[in-house]
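Nothing in this text is a laboratory measurement; each read-out follows from the coordinates by a stated rule. As the structure is a prediction and not an experimental result, all values here were calculated from the model. Quick reminder, even Gly has a Cβ in these numbers, built from the backbone with ideal geometry, and neighbours come from all protein chains shown.
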Amino acid sequence: MIGLLLLKSLWFFLPVGLANMAPVLVRKINVLNIPIDLGKKFRGKPLFGKNKTYRGLVFGILAAILTALIQDILANEFDSFRNITLAPFDQYGFVVIGFLLGFGALVGDLVESFVKRRINIGPGEKFIPWDQLDFVIGSLLLISLIYQPDWSVVICLLLVIPFFHIGTNFLGYYLKIKDNKW
């Protein structure tokens with residue numbers, strides 16, 4: 001029962017995780033490397049900072065949509081994937097679901113960056129537990145416009161995703177993809 005809940009929750013959240021990872025993975029691509037805040041300041045501090053770019057936003061959303069497409073194909077072809085799929089692909093389509101999950105994850109990260117700048121926490125500095133939860137909360141809020149996952153899924157994600165986030169960050173650091181461990 002708990003194992004199945006965990007599997008369904010993680011499968012549902014896969015587009016979010018890949019959207020959250022995409023900006024780091026594409027940071028060496030020299031396209032759309034324009035800060036989202038365009039260098040604007042709020043009360044003398046950057047809105048988000050130079051590390052939050054249109055490149056990361058676009059590639060993050062595309063990663064989520066592509067992941068949702070693959071999930072939709074697998075759910076249509078194989079009973080085992082259909083049985084663990086929570087997202088309502090039949091009703092809304094993979095583009096809408098992928099967009100909402102991916103954009104929600106990245107907006108959650110932007111909100112956290114805005115808050116970090118206000119309280120003098122620099123880019124890349126720790127802000128626990130919000131570093132591990134910003135994208136979770138953002139994606140859950142946006143997907144709730146069309147789909148409300150069961151509370152057991154929400155609680156599972158809020159408890160489990162932070163550990164996955166920390167683990168993938170450590171892995172990215174040791175693979176020299178990320179500059180810091182968190």
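Pull out all pairs, ordered by first then second residue, where Cβ-Cβ is under 9 Å, the residues are six or more apart or on different chains, the first lies in region 72-92 and is under 21 Å from Leu140 (Cβ atoms), and the second is among the hydrophobic types (A, V, I, L, M, F, W, C) and part of a loop (DSSP other than H, G, I, E, B).
Final answer for the pair search is Asp72/Ala87; Ala75/Ala87; Pro88/Ile146; Gln91/Ile146; Tyr92/Ile146.
Which of (1) surrounded by fewer than 19 Cβ atoms within 10 Å (Cβ to Cβ); (2) within 23 Å of Leu133 (Cβ to Cβ) does Gln91 not meet, given it meets every other one?
(2)
Please specify each residue of region 1-44 satisfying the condition of being among the charged types (D, E, K, R) and closer than 17 Å to Asp109 by Cβ.
Of all residues in region 1-44, those among the charged types (D, E, K, R) come to 8, 27-28, 37, 40-41, 43.
Hits for region 1-44 are Arg27, Asp37.
If Tyr174 passes every condition in (1) touching an Asp or Glu at 6+ places or on another chain (Cβ under 7 Å); (2) surrounded by fewer than 15 Cβ atoms within 10 Å (Cβ to Cβ) but one, which one does it miss?
Result: Tyr174 fails condition (1) only.
Kindly establish whether Ile137 is outside any helix (DSSP H, G or I) and farther than 19 Å from Arg27 by Cα. Show your work before the answer.
Working: outside any helix (DSSP H, G or I): no; farther than 19 Å from Arg27 by Cα: yes.
It is false that Ile137 is outside any helix (DSSP H, G or I) and farther than 19 Å from Arg27 by Cα.
Taking into account only those residues within region 1-56 that are of a type in the set (D, E, K, R), farther than 25 Å from Asn180 by Cβ and in contact (Cβ under 8 Å) with a residue 12 or more places away in the chain, which is surrounded by the most Cβ atoms within 10 Å (Cβ to Cβ)?
Here is the first cut: in region 1-56, the residues of a type in the set (D, E, K, R) are 8, 27-28, 37, 40-41, 43, 45, 50, 52, 55.
Now narrow it down to the ones that are farther than 25 Å from Asn180 by Cβ: 8, 40, 43.
Going one step further and asking which of them are in contact (Cβ under 8 Å) with a residue 12 or more places away in the chain, we end up with 8, 43.
Values: Lys8: 19, Arg43: 6.
My answer is Lys8.
Restrict the check to region 100-121 and report whether at least one residue is under 21 Å from Leu62 (Cβ atoms), of a type in the set (D, E, K, R), touching a helix residue (DSSP H, G or I) at 6+ places or on another chain (Cβ under 8 Å) and not in a helix (DSSP H, G or I).
no
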